[in-house]
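One structure is given below, encoded as structure tokens.
The values are calculated or read from the model by the stated rules, or taken from the named source; none is laboratory data. In this text, all values refer to a predicted model and were calculated from it rather than measured experimentally. Reconstructed Cβ throughout: ideal geometry from the backbone, glycine too, with neighbour counts over all protein chains shown.
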């Protein structure tokens with residue numbers, strides 16, 4: 001029953017994809033000769049003027065270009081011409097570094113805040129004010145103090161991914177069932193052992209959910225951050241190709257950003273499943 | 001009472017209420033138990049039964065008074081006093097064995113893995129869960145979960161067991177079986193047990209002593225009823241005992257009417273000397289002033305119908 005449902009859903013997905021690609025192709029294809037001009041002039045004007053082709057690339061153009069990129073993902077022809085693999089690698093490395101730093105800060109801090117009602121109340125106003133700040137708003141401050149654009153981008157990732165993790169950890173730790181805590185108390189389990197054997201496993205699903213939200217936000221923010229700081233990364237690539245007026249490359253980059261984002265989310269989803277327990 | 005294994009001495013529990021007033025759940029509560037005794041507390045919701053149990057467990061602190069267990073005032077929780085929770089409170093990410101082993105390794109921290117496992121296994125076998133060691137709590141029925149709770153409590157070999165309505169969430173059949181198990185285990189191990197229940201029959205079957213509490217707030221321990229049934233009572237012929245109905249009626253009368261009116265009817269009730277009711281022994285029953293002699297069972301009459 002479920003297998004057939006999955007099969008039918010897959011079929012519908014394929015049909016939708018085919019329809020989308022078909023409409024895209026029809027909308028951007030050449031309509032035939034629109035103006036007669038000397039061949040040399042026509043060469044200068046390009047297909048848009050002579051054949052009525054849309055300036056927007058069609059799926060076949062994008063496919064061909066994508067294939068080119070996939071064949072050579074790691075070439076490096078200087079600062080403005082690097083393979084997509086290298087650009088994505090830079091972005092993933094920045095996200096990974098900023099995100100891991102955020103994990104190292106948010107989870108222990110969240111534990112402390114969640115276990116202490118005093119700290120929870122005392123830090124709440126700060127968190128409430130800091131949380132809604134757009135991570136890019138930190139960028140000038142980061143550039144001014146850190147004086148390194150690449151590290152600044154990492155800092156921006158750090159600051160944007162810390163809040164969901166921190167808040168979820170606080171919530172998860174603070175809402176561990178009283179009875180589980182009481183079990184640990186009646187067994188005279190010490191605070192540290194209690195934190196690791198009762199509170200951590202009980203709060204783990206909530207913490208992992210926060211981490212999953214964070215990685216999503218971090219991947220959203222890195223594109224914008226790299227557009228600002230420039231140099232390397234998939235965000236820079238998008239802006240650079242816009243300046244080159246290569247819409248094909250922009251579309252390819254958009255596609256790849258989506259795919260990498262999905263993979264990052266799936267990895268965290270798998271971790272979440274590992275720590276989730278049925279009640 | 002010569003051997004006071006547990007002595008609750010004048011405890012009170014108060015909570016700050018609205019507008020600076022304090023709400024007193026109970027105060028000046030005195031209660032004692034001998035070693036190896038099985039006591040049940042009966043009273044309506046809100047009379048502070050669970051609070052008394054939590055104070056005994058060390059999970060809650062009394063606003064006044066002290067609790068002395070085995071000659072020592074308690075402060076906080078202790079591995080000597082195991083708690084069986086109403087909601088079984090198993091850790092859902094651990095297996096049956098993991099849950100019991102967690103308690104065992106908390107008590108004996110220096111034990112190695114194999115020793116902890118063997119000890120835990122012994123208690124899993126004791127409650128009849130052999131074969132289910134590697135199941136998670138979510139895969140168990142309510143009765144099996146509570147068995148794990150019992151195994152966990154027993155595995156640390158406590159001096160006493162505290163049970164907060166341990167069987168109230170179970171169906172009647174499972175409840176009966178588990179009552180049998182608990183009774184057998186407590187008799188075998190000479191465990192001192194303190195149990196809260198709403199179920200009069202459960203109290204009669206399990207308890208040596210039944211504590212009756214009046215309604216809260218301002219609840220008091222009204223009477224201590226000694227169970228006249230023999231220690232080796234059986235579930236099936238319990239109700240044939242000549243004193244069974246007299247005892248049952250006494251408790252139900254209390255719950256239905258006297259728990260509400262007790263405090264007004266007996267203003268001179270001394271919480272330090274709570275009357276002990278001995279059903280079937282008129283000479284020894286409450287001899288407090290002003291009370292009419294209680295109708296007691298006489299040989300040859302049917303106490304259940306006459307009361």
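Mind checking which residues of region A:66-104 are touching a residue at least 60 places away in the same chain (Cβ under 8 Å) and over 22 Å from residue A:262 (Cα atoms)?
A:79, A:80, A:82, listed by residue number.
Has region B:10-21 got at least one residue that is within 14 Å of another protein chain (Cβ to nearest Cβ), over 30 Å from residue B:248 (Cα atoms) and either touching a helix residue (DSSP H, G or I) at 6+ places or on another chain (Cβ under 7 Å) or at pLDDT below 90 (or both)?
no
If I go through region A:256-279 residue by residue, how many of them are part of a helix (DSSP H, G or I), loosely packed, with under 13 Cβ neighbours inside 10 Å and within 14 Å of chain B (Cβ to nearest Cβ)?
2
Is there a residue being within 13 Å of another protein chain (Cβ to nearest Cβ), touching a helix residue (DSSP H, G or I) at 6+ places or on another chain (Cβ under 7 Å), at pLDDT below 90 and surrounded by fewer than 22 Cβ atoms within 10 Å (Cβ to Cβ) anywhere in region B:87-108?
yes
Which one of these is within 14 Å of chain B (Cβ to nearest Cβ), in contact (Cβ under 8 Å) with a residue 60 or more places away in the chain and under 28 Å from residue A:135 (Cα atoms): A:253, A:203, A:218, A:224?
A:203 is the lone residue from the list that is within 14 Å of chain B (Cβ to nearest Cβ), in contact (Cβ under 8 Å) with a residue 60 or more places away in the chain and under 28 Å from residue A:135 (Cα atoms).
Restricting to region B:35-76, name every residue that is farther than 12 Å from residue B:162 by Cα and at the interface with chain A (Cβ under 9 Å from one of its Cβ atoms).
Of everything in region B:35-76, just one residue is farther than 12 Å from residue B:162 by Cα and at the interface with chain A (Cβ under 9 Å from one of its Cβ atoms), namely B:76.
Residue B:170 versus (1) part of a loop (DSSP other than H, G, I, E, B); (2) under 22 Å from residue B:38 (Cβ atoms); (3) within 14 Å of chain A (Cβ to nearest Cβ): which is the lone unmet condition?
Failing condition for residue B:170: (3).
Can you tell me which residues in region A:114-137 are more than 29 Å from residue A:258 (Cβ to Cβ) and touching a residue at least 60 places away in the same chain (Cβ under 8 Å)?
Those that are more than 29 Å from residue A:258 (Cβ to Cβ) and touching a residue at least 60 places away in the same chain (Cβ under 8 Å): A:114, A:115.
On the given criteria, is residue B:114 more than 14 Å from chain A (Cβ to nearest Cβ), free of Cβ contacts under 8 Å to residues at least 12 places away in the same chain and not in a loop (DSSP other than H, G, I, E, B)?
It is true that residue B:114 is more than 14 Å from chain A (Cβ to nearest Cβ), free of Cβ contacts under 8 Å to residues at least 12 places away in the same chain and not in a loop (DSSP other than H, G, I, E, B).
Among the numbered criteria (1) within 14 Å of chain A (Cβ to nearest Cβ); (2) surrounded by fewer than 22 Cβ atoms within 10 Å (Cβ to Cβ); (3) in a helix (DSSP H, G or I), which one does residue B:144 miss?
Unmet for residue B:144, out of (1) within 14 Å of chain A (Cβ to nearest Cβ); (2) surrounded by fewer than 22 Cβ atoms within 10 Å (Cβ to Cβ); (3) in a helix (DSSP H, G or I): (1).
Please specify each residue of region B:231-250 satisfying the condition of being closer than 19 Å to residue B:278 by Cβ, out of contact with any helix residue (DSSP H, G or I) (no Cβ under 8 Å at 6 or more places or on another chain) and part of a helix (DSSP H, G or I).
Passing the criteria: only B:250.
Quick test of your reading of the structure: residue B:125 fulfils all but one of (1) exposed (fewer than 15 other Cβ atoms within 10 Å of the Cβ); (2) under 21 Å from residue A:195 (Cα atoms); (3) more than 9 Å from every other protein chain (Cβ to nearest Cβ). Name the failing condition by number.
Condition (2) is where residue B:125 drops out.
Kindly establish whether residue B:173 is surrounded by fewer than 23 Cβ atoms within 10 Å (Cβ to Cβ), closer than 26 Å to residue B:67 by Cβ and at pLDDT below 90.
no
Each row is one residue, and each column tells you yes or no for (1) without any contact (Cβ under 8 Å) to a residue 60 or more places away in the chain; (2) under 27 Å from residue B:261 (Cα atoms).
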| position | (1), (2) |
| --- | --- |
| B:11 | yes, yes |
| B:29 | no, yes |
| B:39 | no, yes |
| B:55 | yes, yes |
| B:76 | yes, no |
